[in-house]
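Asks: I'd like to ask some things about the structure below.
The values are calculated or read from the model by the stated rules, or taken from the named source; none is laboratory data. All of these numbers come straight from a predicted model, not from anything done at the bench. With ideal geometry, Cβ positions are generated from the backbone for all residues, glycine too; neighbour counts draw on all protein chains shown. Side chains included, ligands, DNA and RNA excluded: accessible areas come from the protein's heavy atoms. Shrake-Rupley method; radii C 1.70, N 1.55, O 1.52, S 1.80 Å.
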Amino acid sequence: MSRPEIEVRDLHKSFGDNEVLRGIDLEVGTGEVVCVIGPSGSGKSTLLRCVNLLEEPTKGQVFVGGTELTDPDVDIDAVRRRIGMVFQQFNLFPHLTVTENLTLPQRRVLRRDKAEAAKVAAQNLERVGLSEKADAYPASLSGGQQQRVAIARSLSMGPEVMLFDEPTSALDPELVGDVLAVMRMLANEGMTMMVVTHEMTFAREVADRVVFMDGGVIVEDGTPEQVIGNPAHERTRHFLSRLLDPAMADVEEETSDQVGKDEGNPAH
Amino acid sequence: MTSTDIHVQPKKKGLTRRQKRRLSRGVQYVVFVAAVIAFAATADWGTLHNQFAQVDLAKQMFPDVITLALKNTVLYTVSGFAFGLVLGMVIALMRLSPVGPYRWLAGIYIEIFRGLPALLIFVFVGVAVPLAFPGTEIPGGTYGKVALALGLVSAAYMAETIRAGIQAVPKGQMEAARSLGFSHARAMVSIVIPQAFRIVIPPLTNELVLLFKDSSLVLFLGVTLEERELTKFGRDLASTTANSTPILVAGLCYLLVTVPLGFVVRRLEAKAQEAVK
């Protein structure tokens, strides 16, 4: 097999004294869909944000498409153009219409002319099923629609890799399906994807691999059948049982090894 | 008998709520009417009329009070505001810079120019600058000096307003822009600052109203006849005619601009409030 699309080597990340990532090694092959699961505070969002350097790793290396992002001399803006990122809070630009959200980055960053940017925007809006919202402002859209626009905005840049940071966690339950459908379509088209999610059904059906993180390390890494269907580690079993049937969970003592309860993520 | 008991009971506690409200409102009206009567009785209406309401004198002021004085006031204000906005933007960005000395410099500037009376800045620009740099002229003569002085003062306030506006834009906006490949500077210009400006338009309009009034300080720079603005114009005419009517007219001209502007600010604030919801 050729070189992996995403390669993470011995990644460490600390926020002050709080070590959120404690040595992560991970590879994602071209066209592979990897879901990262784990309890809140396990460092999964931080890992994803390190992959496009929104967080600067304390130690370790990150490669995307063969380019080392952690090299201080790398043109980070050029590398980020190849990496799409979808956020939990959508982060659409509220002062721009849906179409402008899609065209402005193409024109400013990729220097596409107006007509071409508009064409690419229209194509991608159609892919996510929101052509009729082209002239709307983000505030007038539902959360699910906003997230699909955010995905279309990333796709308009023609990324090789897509990162999803809990893309459905801020959505009302009935709106989750539309967003997952778009992600499933992307997976079927062969997009390389790394998805931090709590949607176990999506992970089981769409992911090629599932990675379970806890306490800043990867505890388990394998096919969905292995990790979700037949987990080898007690921590994975424990997490999955609480996630799949939260009503049955017992009250627990807080344990001291739960690092970074807030995910160490300043955005929260 | 039981029914009278019910009526009697509240009296023991003193006034009812309704009675208290009536009493409080009654007292306020009495105080207001007393104040108006006292003012009307003590004012010398004849002199007041002579001093402030000479219609002939007021008529004489037109059209110069508009075409010259008000025009100059607006010109001074707008040029000062424009210069202050540019400088304020630069200082706000310096204040947010990762480079320490920029932050300190911007902080010192803001503290100094917010702490000094505007009048002192005018004297400084009018007297000290020409002395300190002999031979150099501030371009634009008086207009340039006023723009400089007003701009220096307003930049300090506007810098703080703009900085707060930039910081009020959610962090996710910058992250989204960076993840799309925008450089930090380009993301600032294309994404963050346009949103920050929408946040700071109401307070900046307020600043414009303050500047409009501060432009009267130009009279301490020494101006030619053609450069006079409302206050200087009204005062000069008041002293030559020994009558205060010109001052009243000049004051009304200020209100002609500031009242509608204040209305616009309130509308913008209400709109911004709605956008947050």
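Asks: Kindly indicate the residue of the stretch B:110-163 that is part of a loop (DSSP other than H, G, I, E, B) and at pLDDT below 90 and also nearest to B:VAL209 (Cα to Cα) among those meeting that condition.
Replies: B:GLY140
Asks: Taking the options A:ALA78, A:ALA134, A:ALA117, name whichever one is among the small types (Gly, Ala, Ser), over 19 Å from the mean Cα position of the chain (by Cα) and at the interface with chain B (Cβ under 9 Å from one of its Cβ atoms).
Replies: On the way: A:ALA134 fails: at the interface with chain B (Cβ under 9 Å from one of its Cβ atoms); A:ALA117 fails: at the interface with chain B (Cβ under 9 Å from one of its Cβ atoms).
Only one candidate qualifies: A:ALA78.
Asks: Among the numbered criteria (1) open to solvent by less than 20 Å² (accessible area, probe 1.4 Å); (2) more than 14 Å from chain B (Cβ to nearest Cβ); (3) in contact with an Asp or Glu (Cβ under 9 Å, 6 or more places away or on another chain), which single criterion is violated by A:GLU27?
Replies: The one condition A:GLU27 does not meet is (1).
Asks: Another question, if that's okay. Kindly indicate the residue of the stretch A:183-211 that is over 14 Å from the mean Cα position of the chain (by Cα) and not charged (D, E, K, R) and also nearest to A:THR46 (Cα to Cα) among those meeting that condition.
Replies: A:MET200
Asks: What's the number of the condition A:SER154 fails, among (1) among the hydroxyl-bearing types (Ser, Thr, Tyr); (2) surrounded by 22 or more Cβ atoms within 10 Å (Cβ to Cβ); (3) in a loop (DSSP other than H, G, I, E, B)?
Replies: A:SER154 satisfies every listed condition except (3).
Asks: Given A:LEU171, A:LEU110, A:LEU163, which one is open to solvent by less than 10 Å² (accessible area, probe 1.4 Å) and either over 23 Å from A:GLN88 (Cα atoms) or under 22 Å from the mean Cα position of the chain (by Cα) (or both)?
Replies: Of the residues listed, the single one that is open to solvent by less than 10 Å² (accessible area, probe 1.4 Å) and either over 23 Å from A:GLN88 (Cα atoms) or under 22 Å from the mean Cα position of the chain (by Cα) (or both) is A:LEU163.
Residue-by-condition table, conditions (1) at pLDDT 95 or above; (2) in a strand (DSSP E or B); (3) in contact with a Phe, Trp or Tyr (Cβ under 6 Å, 6 or more places away or on another chain):
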| residue | (1), (2), (3) |
| --- | --- |
| A:ALA150 | yes, no, yes |
| A:LEU186 | yes, no, no |
| A:MET213 | yes, yes, no |
| A:THR236 | no, no, yes |
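Asks: Scan the stretch B:243-256 for residues that are touching a residue at least 24 places away in the same chain (Cβ under 8 Å) and open to solvent by less than 40 Å² (accessible area, probe 1.4 Å) and jot them down.
Replies: B:ASN243, B:SER244, B:THR245, B:PRO246, B:VAL249, B:ALA250, B:CYS253, B:TYR254
Asks: What do you reckon, is B:ILE166 among the aliphatic types (A, V, I, L, M), in contact (Cβ under 8 Å) with a residue 12 or more places away in the chain and not in a helix (DSSP H, G or I)?
Replies: no
Asks: Taking the criterion of being within 23 Å of A:ASP208 (Cβ to Cβ), open to solvent by less than 20 Å² (accessible area, probe 1.4 Å), away from chain B (no Cβ under 13 Å) and of a type outside the set (Ser, Thr, Tyr), would at least one residue in the stretch A:44-57 satisfy it?
Replies: Taking every residue of the stretch A:44-57 in turn, at least one turns out to be within 23 Å of A:ASP208 (Cβ to Cβ), open to solvent by less than 20 Å² (accessible area, probe 1.4 Å), away from chain B (no Cβ under 13 Å) and of a type outside the set (Ser, Thr, Tyr).
Asks: Quick one: would you say A:LEU163 is touching a helix residue (DSSP H, G or I) at 6+ places or on another chain (Cβ under 8 Å) and not in a strand (DSSP E or B)?
Replies: Against the criterion (touching a helix residue (DSSP H, G or I) at 6+ places or on another chain (Cβ under 8 Å) and not in a strand (DSSP E or B)), A:LEU163 does not qualify.
Asks: Taking the conditions exactly as written (in contact with a Ser or Thr (Cβ under 8 Å, 6 or more places away or on another chain) and either assigned to a helix (DSSP H, G or I) or not aliphatic (A, V, I, L, M) (or both)), does B:THR67 satisfy them or not?
Replies: Against the criterion (in contact with a Ser or Thr (Cβ under 8 Å, 6 or more places away or on another chain) and either assigned to a helix (DSSP H, G or I) or not aliphatic (A, V, I, L, M) (or both)), B:THR67 does not qualify.
Asks: Just the residues that are under 16 Å from the mean Cα position of the chain (by Cα) and within 14 Å of chain A (Cβ to nearest Cβ), please, taken from the stretch B:172-218.
Replies: B:VAL200, B:ILE201
Asks: Oh, and also: Quick check on the stretch B:156-171: of everything there that is touching a helix residue (DSSP H, G or I) at 6+ places or on another chain (Cβ under 6 Å), within 14 Å of chain A (Cβ to nearest Cβ) and not β-branched (Val, Ile, Thr), which residue is farthest from A:GLN88 (Cα to Cα)?
Replies: B:GLY165
Asks: Taking the stretch A:97-110 as the search range and keeping residues that are β-branched (Val, Ile, Thr) and either assigned to a loop (DSSP other than H, G, I, E, B) or at the interface with another protein chain (Cβ under 7 Å from one of its Cβ atoms) (or both), which one is farthest from A:LEU130 (Cα to Cα)?
Replies: A:VAL109
Asks: Testing A:ASP208 on (1) in contact with a Pro (Cβ under 9 Å, 6 or more places away or on another chain); (2) crowded, with 20+ Cβ neighbours inside 10 Å, one condition comes back false. Which one is that?
Replies: (2) is the only condition that A:ASP208 fails.
Asks: Test B:LEU23 against the criterion of being hydrophobic (A, V, I, L, M, F, W, C) and either outside any helix (DSSP H, G or I) or over 18 Å from B:THR241 (Cβ atoms) (or both), and give yes or no.
Replies: Criteria met by B:LEU23.
Asks: Just to be sure I understand the filter: pairs with C-beta atoms under 7 Å, separated by 6 or more residues or on different chains, first member in the stretch A:26-46 and free of Cβ contacts under 8 Å to residues at least 40 places away in the same chain, second member assigned to a loop (DSSP other than H, G, I, E, B) and of a type outside the set (Ser, Thr, Tyr). Which pairs pass?
Replies: A:GLU27/A:PRO4
Asks: Do you know which residues across the stretch B:68-92 are more than 19 Å from the chain's Cα centre (by Cα) and either of a type in the set (Lys, Arg) or within 16 Å of B:LEU204 (Cβ to Cβ) (or both)?
Replies: B:VAL90, B:ILE91, B:ALA92, listed by residue number.
Asks: Anything in the stretch B:222-242 that is in contact (Cβ under 8 Å) with a residue 24 or more places away in the chain and surrounded by fewer than 18 Cβ atoms within 10 Å (Cβ to Cβ)? List them, or say none.
Replies: Of everything in the stretch B:222-242, those that are in contact (Cβ under 8 Å) with a residue 24 or more places away in the chain and surrounded by fewer than 18 Cβ atoms within 10 Å (Cβ to Cβ) turn out to be B:GLY222, B:THR224, B:GLU226, B:THR241.
Asks: Among the residues of the stretch A:111-129, how many are assigned to a loop (DSSP other than H, G, I, E, B) and either in contact (Cβ under 8 Å) with a residue 24 or more places away in the chain or of a type outside the set (Asp, Glu) (or both)?
Replies: Number satisfying all stated conditions: 4.
Asks: Confirm whether B:SER183 is more than 23 Å from B:ALA82 (Cβ to Cβ), in contact with a Lys or Arg (Cβ under 7 Å, 6 or more places away or on another chain), free of Cβ contacts under 8 Å to residues at least 12 places away in the same chain and not acidic (Asp, Glu).
Replies: no
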